[in-house]
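**Q** Handing you a structure now.
The values are calculated or read from the model by the stated rules, or taken from the named source; none is laboratory data. Remember, predicted model here, so these are calculated numbers, not experimental data. Glycine also receives a Cβ, built like all others from the backbone with ideal geometry; neighbour counts cover every protein chain displayed.
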Amino acid sequence: MDPWIEATAPRVALVAERELEALVGVSSASGDVDGAEECAALAAAFLPPEAEVERLASSSPRHAPDLCGRLRGHGTARVLLLGHLDTVVSREAHRPLERHGDRLTGSGAIDMKGGVALALGVARELAARPELYAEIAVLLVSDEEWRTEPFVHVERFARFDACLCFEAGERTDAGVESVVARRKAAGTLRVHGHGRAAHSGSAPERGRSALLALAEVARRVADCSDPRGPDRVTAVPTILRAGEVFNVVPPAGELVCDLRADRIDAFAAVLAAVPAELDGVRLDATLVRAWPGMDSRAEVAGLLAGAAERLGRPLVATERGGASDASHMAAAISLTVDGLGPRGGGAHTPAEWVSAGSLRPRAEVALAVVAALLDPRQR
């Protein structure tokens, strides 16, 4: 193993566990401005003292500003370390960090405060080596989990040489450490149904049920799934709301569906499956969120080979279906690597957990990727 990695990884892992506890101790669900501000204050304190700290306007309205810390160096490379501070778990359901054996369990632990802790640790180690880079930027956003607006930071960092995103890491079935170089495009389809109310006991035939119409639309959307097809489309109805009174034909309702595919253009066929009207119920379909996919496997192959050499063990690229801000940045920065965080599970639940034993090997992976990236012989 590269001596720098061998010397620094244990320190990064040790401090990451402590900072993870502090970050998870704060409830920071998307849209909770007070929680986001408290979490950003902690992250700012954990940045290297040399970092220039600034707050950038969020992509989403009614969210706290995003946090950016910049290290200025004497080299030529500019690298973005990317993460998010928000979670999907509400303040009411929040759980501070608890340790049970190898599991560090708490809200947002794996998605993605564990990755944030590793990114901050990597930045602190890089602060001592300014000769390696022109700029290191740590960008931590407050709205990743629920954003429907365009990602405003793409243009700001488009001229950077690489983007390293610290979403959760994983190993292959054979136990080989991996990073993410391919993600599906993600979309959120929302369908509003507009029917007509009627007494469900005395005159149900006079009503037009939004519930029944939306249930049929849900079936048609689900039929669009073709995970083995050319675009590997999955279309999954996830939320159906209709009706407020037990004895009234529901006049209005809402259906939400999660869409994934290799190409964002593949979502058009799913929208086309939703009719404008069904059984007297008007249907309005909108794609309220559309995130691009990413595929940087070819671009990062050489980088990962160099990182594996420094690790002294294999490192491979894998793919993941979940969305990430790395996908937005990959559209502008071809050398984008994701999945540099720790291993764990339970994402988007109060029982999220990080494997404490994964912090050191995942710190080694992240440091190896950075070392290979900043090696002037490879630039």
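**Q** Looking only at the range 98-121, count every residue that is outside any strand (DSSP E or B) and either surrounded by fewer than 24 Cβ atoms within 10 Å (Cβ to Cβ) or in contact with a Lys or Arg (Cβ under 6 Å, 6 or more places away or on another chain) (or both) and tell me the total. Let's see the steps before the verdict.
**A** Going through the range 98-121, the residues outside any strand (DSSP E or B) turn out to be 101-102, 106-121.
Next cut, either surrounded by fewer than 24 Cβ atoms within 10 Å (Cβ to Cβ) or in contact with a Lys or Arg (Cβ under 6 Å, 6 or more places away or on another chain) (or both) only: 101-102, 106-107.
The number of residues fulfilling the criteria is 4.
**Q** Let me ask you something else. Of the conditions (1) more than 18 Å from Asp143 (Cβ to Cβ); (2) in a loop (DSSP other than H, G, I, E, B), Gly31 fails just one. Which one is it?
**A** All conditions are met except number (1).
**Q** Considering only the range 334-369, state which residues are surrounded by fewer than 24 Cβ atoms within 10 Å (Cβ to Cβ) and among the aliphatic types (A, V, I, L, M).
**A** Passing the criteria: Leu335, Ala347, Ala351, Ala356.
**Q** For the range 305-328, what are the residues that are closer than 27 Å to Thr87 by Cα and more than 12 Å from the chain's Cα centre (by Cα)?
**A** Of all residues in the range 305-328, those closer than 27 Å to Thr87 by Cα come to 317-328.
Across the range 305-328, the qualifying residues are Ala317, Thr318, Glu319.
**Q** In the set Ser142, Ser178, which member is hydroxyl-bearing (Ser, Thr, Tyr) and in contact with a helix residue (DSSP H, G or I) (Cβ under 8 Å, 6 or more places away or on another chain)? Lay out the reasoning, then the answer.
**A** Numbers: Ser178 fails: in contact with a helix residue (DSSP H, G or I) (Cβ under 8 Å, 6 or more places away or on another chain).
So the residue among Ser142, Ser178 that is hydroxyl-bearing (Ser, Thr, Tyr) and in contact with a helix residue (DSSP H, G or I) (Cβ under 8 Å, 6 or more places away or on another chain) is Ser142.
**Q** Checking Val53 against (1) in a strand (DSSP E or B); (2) of a type in the set (A, V, I, L, M); (3) surrounded by 17 or more Cβ atoms within 10 Å (Cβ to Cβ), which single condition isn't satisfied?
**A** Condition not satisfied by Val53: (3).
**Q** Being part of a loop (DSSP other than H, G, I, E, B), modelled with pLDDT of 95 or more and either of a type in the set (Val, Ile, Thr) or not assigned by TED's automatic domain parsing to the domain that holds Leu23 (or both) narrows it down to one of Val79, Val152, so name that one. I'd like the intermediate steps shown before the answer.
**A** Working: Val79 fails: part of a loop (DSSP other than H, G, I, E, B).
Exactly one of Val79, Val152 is part of a loop (DSSP other than H, G, I, E, B), modelled with pLDDT of 95 or more and either of a type in the set (Val, Ile, Thr) or not assigned by TED's automatic domain parsing to the domain that holds Leu23 (or both), namely Val152.
**Q** Okay, moving on. Of Ala305, Ala218, Ala266, Ala235, which residue is in the same structural domain as Thr148 (by TED's automatic domain parsing) and either assigned to a strand (DSSP E or B) or among the hydrophobic types (A, V, I, L, M, F, W, C) (or both)? Spell out how you get there, then give the answer.
**A** Details: Ala218 fails: in the same structural domain as Thr148 (by TED's automatic domain parsing); Ala266 fails: in the same structural domain as Thr148 (by TED's automatic domain parsing); Ala235 fails: in the same structural domain as Thr148 (by TED's automatic domain parsing).
Sole residue among the options that is in the same structural domain as Thr148 (by TED's automatic domain parsing) and either assigned to a strand (DSSP E or B) or among the hydrophobic types (A, V, I, L, M, F, W, C) (or both): Ala305.
Residue by residue, here is whether (1) on the phi < 0 side of the Ramachandran plot; (2) in a loop (DSSP other than H, G, I, E, B); (3) in contact with a Pro (Cβ under 7 Å, 6 or more places away or on another chain); (4) surrounded by fewer than 23 Cβ atoms within 10 Å (Cβ to Cβ) holds:
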{"position": "Arg159", "(1), (2), (3), (4)": "yes, yes, no, yes"}
{"position": "Ala186", "(1), (2), (3), (4)": "yes, no, no, yes"}
{"position": "His192", "(1), (2), (3), (4)": "yes, no, no, yes"}
{"position": "Ala213", "(1), (2), (3), (4)": "yes, no, no, no"}
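**Q** Please verify whether Arg62 is without any contact (Cβ under 8 Å) to a residue 40 or more places away in the chain, assigned by TED's automatic domain parsing to the domain that holds Leu359, among the basic types (Lys, Arg) and part of a loop (DSSP other than H, G, I, E, B), treating the condition exactly as stated. Even if it seems obvious, please write down each step before you answer.
**A** Working: without any contact (Cβ under 8 Å) to a residue 40 or more places away in the chain: yes; assigned by TED's automatic domain parsing to the domain that holds Leu359: yes; among the basic types (Lys, Arg): yes; part of a loop (DSSP other than H, G, I, E, B): yes.
The answer is yes for Arg62.
**Q** Looking only at the range 15-28, filter to residues that are touching a residue at least 60 places away in the same chain (Cβ under 8 Å) and in a helix (DSSP H, G or I); which one of those is surrounded by the most Cβ atoms within 10 Å (Cβ to Cβ)? Working first, answer last.
**A** Quick first cut of the range 15-28, residues touching a residue at least 60 places away in the same chain (Cβ under 8 Å) only: 15-17, 19-21, 23-25, 27-28.
Okay, now just the ones that are also in a helix (DSSP H, G or I), so 15-17, 19-21, 23-24.
Values: Val15: 18, Ala16: 30, Glu17: 18, Glu19: 21, Leu20: 26, Glu21: 18, Leu23: 26, Val24: 27.
Selected residue: Ala16.
**Q** I'd like to verify a number: residues in the range 270-302 that are in a helix (DSSP H, G or I) and either on the phi > 0 side of the Ramachandran plot or not small (Gly, Ala, Ser) (or both), how many?
**A** Residues of the range 270-302 that are in a helix (DSSP H, G or I), as a first pass: 270-272, 297-302.
Filter again for either on the phi > 0 side of the Ramachandran plot or not small (Gly, Ala, Ser) (or both), leaving 270-271, 297, 299-300.
Number of matching residues: 5.
**Q** Give just the number: which of (1) in a strand (DSSP E or B); (2) over 30 Å from Ala363 (Cβ atoms); (3) among the small types (Gly, Ala, Ser) does Ala181 not satisfy?
**A** Going through (1) in a strand (DSSP E or B); (2) over 30 Å from Ala363 (Cβ atoms); (3) among the small types (Gly, Ala, Ser) one by one, Ala181 breaks only (2).
So that you can scan it fast, the table gives a plain yes or no per residue for (1) of a type in the set (A, V, I, L, M); (2) surrounded by fewer than 17 Cβ atoms within 10 Å (Cβ to Cβ); (3) free of Cβ contacts under 8 Å to residues at least 24 places away in the same chain:
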{"position": "Ala268", "(1), (2), (3)": "yes, yes, yes"}
{"position": "Asp279", "(1), (2), (3)": "no, yes, no"}
{"position": "Leu283", "(1), (2), (3)": "yes, no, no"}
{"position": "Val288", "(1), (2), (3)": "yes, yes, no"}
{"position": "Gly302", "(1), (2), (3)": "no, yes, no"}
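**Q** So in the range 238-263, with the set limited to residues that are acidic (Asp, Glu) and outside any loop (DSSP other than H, G, I, E, B), which one is surrounded by the most Cβ atoms within 10 Å (Cβ to Cβ)?
**A** Residues of the range 238-263 that are acidic (Asp, Glu), as a first pass: 244, 254, 258, 262.
When the remaining residues are screened for being outside any loop (DSSP other than H, G, I, E, B), the result is 254, 258.
Details: Glu254: 15, Asp258: 17.
Among those residues, the one meeting the criterion is Asp258.
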